[in-house]
Every structure is written in structure tokens, then in C-alpha cells.
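Chemist: Pasting a structure here, questions to come.
The values are calculated or read from the model by the stated rules, or taken from the named source; none is laboratory data. For clarity, every value in this text was computed on a predicted model and none was experimentally measured. When we count neighbours, we look across all protein chains shown, and the Cβ atoms used for this are built from the backbone with ideal geometry, even at glycine. Just so you know, the surface numbers come from the protein's heavy atoms only, side chains and all, with ligands and any DNA or RNA stripped out. Shrake-Rupley method; radii C 1.70, N 1.55, O 1.52, S 1.80 Å.
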Amino acid sequence: MPTVKIHVIAVGKLKEKFWVEACAEYMKRLKSYAKVSVSEVPDRDPAKCGGEEGARKAEGKAILEALPDHSHVILLDVGGKQLSSEGIAARMDALMLSGVSDITFVVGGSGGVSANVKDFADECLSFGKITLPHNLARVVLLEQIYRAFKISRGEPYHK
């Protein structure tokens, strides 16, 4: 049984079948590499929260409450560090070699995340300067985690 724990905390529920199926496929593939869990926190309607900042604060509170204790937190953020797939693999390897066996990735909602979440994160990772819908970012994240394990173990994976 894998000893590495990977958590994904994501704002919003996957509604479309194709997002659900894509995430399920990568979750299935990841089973032999790590114990992976996905927790969804509700997205908030800015109109009911006093605007975008109110929605970010409400979502941020839920994210912080969902974080596991003693986990290394990596926030997906457009302003974060951009890494290649090999770079993500190397970063995860470095964390695990330093004794970190519990890693949490946070995928914010469509309006981003609150300053509290950014401040709490141990590091920020960016998939580039493009804007991804948060549902697609979750699929890309799971695929990149899977790819990182394949790279680290020298196993073949399509390019």
C-alpha cells in the first residue's frame, strides 16, 4: 500500500459527466502510486456574499477548514511558480525525500482564492499564464500528479 498521501481540495462540484469521468480515470491510475483523495468545498455566489471578495473569503474559510493537519500545501495560482512536468516530478520527489509524505493541492474557484489561503500555502504552482476553468485545472492537476509519479519511477507514459 502506498504511503504517500495526496489530497486535492477543490472549490465547486464537478457537474458535467466528462469532468467526472476524466478525474475518475486519473484517480484510478494513481491508486498504485499514492493514497489520493479529492474534497470539494462549495463554491459561493458572489451576489449572495457581498461580491467577489466575499465569495473568496467564504470559499477560503471552507478550504482552510478542509486542509488536513501537517500537510504540505501547494496552491494552484496563476502567479505561482511555473514548472515543467519533469519539474513537478522533481519537486514532489524533493518533498518526499525530505520526509514529507502528505501533500495537499488546492484548486480555487472561478474568482480565485482569498488572501488567507494564499498566506497559508507553503508554495504556489502555476500551469502557465493562461486561465483555465477550475474544473479543467482539477483534471490537469490529477494528470500531472500521475505523470510525476511515472517520471519519477522511470515508467513509460505517452508524451
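Chemist: Only one residue in VAL78, VAL100, VAL107 is under 11 Å from ILE9 (Cβ atoms) and among the β-branched types (Val, Ile, Thr), so which one is that? If you could, list the steps in order and put the result at the bottom.
Modeler: Values: VAL78 fails: under 11 Å from ILE9 (Cβ atoms); VAL100 fails: under 11 Å from ILE9 (Cβ atoms).
Being under 11 Å from ILE9 (Cβ atoms) and among the β-branched types (Val, Ile, Thr) holds for just one of VAL78, VAL100, VAL107, which is VAL107.
Chemist: Can you find even one residue in the range 74-82 that is loosely packed, with under 14 Cβ neighbours inside 10 Å and under 17 Å from PRO133 (Cβ atoms)? Before you say what the answer is, go through the steps one by one.
Modeler: Taking the range 74-82 first, the residues loosely packed, with under 14 Cβ neighbours inside 10 Å are 79, 81-82.
Next, from what is left, pick out any that are under 17 Å from PRO133 (Cβ atoms): none.
No, because not a single residue in the range 74-82 is loosely packed, with under 14 Cβ neighbours inside 10 Å and under 17 Å from PRO133 (Cβ atoms).
Chemist: Just give me the residues in the range 109-125 being surrounded by fewer than 20 Cβ atoms within 10 Å (Cβ to Cβ) and modelled with pLDDT of 95 or more, in sequence order.
Modeler: Selection gives ALA115, ASN116, LYS118, ASP119, PHE120, ASP122, GLU123, CYS124.
Chemist: Name every residue in the range 16-46 that is open to solvent by 90 Å² or more (accessible area, probe 1.4 Å) and either farther than 21 Å from GLU59 by Cβ or free of Cβ contacts under 8 Å to residues at least 24 places away in the same chain (or both), in order of residue number. Break it down stepwise before answering.
Modeler: Going through the range 16-46, the residues open to solvent by 90 Å² or more (accessible area, probe 1.4 Å) turn out to be 17-18, 21, 28, 31, 35, 44.
Across the range 16-46, the qualifying residues are LYS17, PHE18, GLU21, LYS28, LYS31, LYS35.
Chemist: Condition check: over 21 Å from LEU142 (Cβ atoms) and not aliphatic (A, V, I, L, M). Does GLY50 satisfy that?
Modeler: Numbers: over 21 Å from LEU142 (Cβ atoms): yes; not aliphatic (A, V, I, L, M): yes.
Yes, satisfied.
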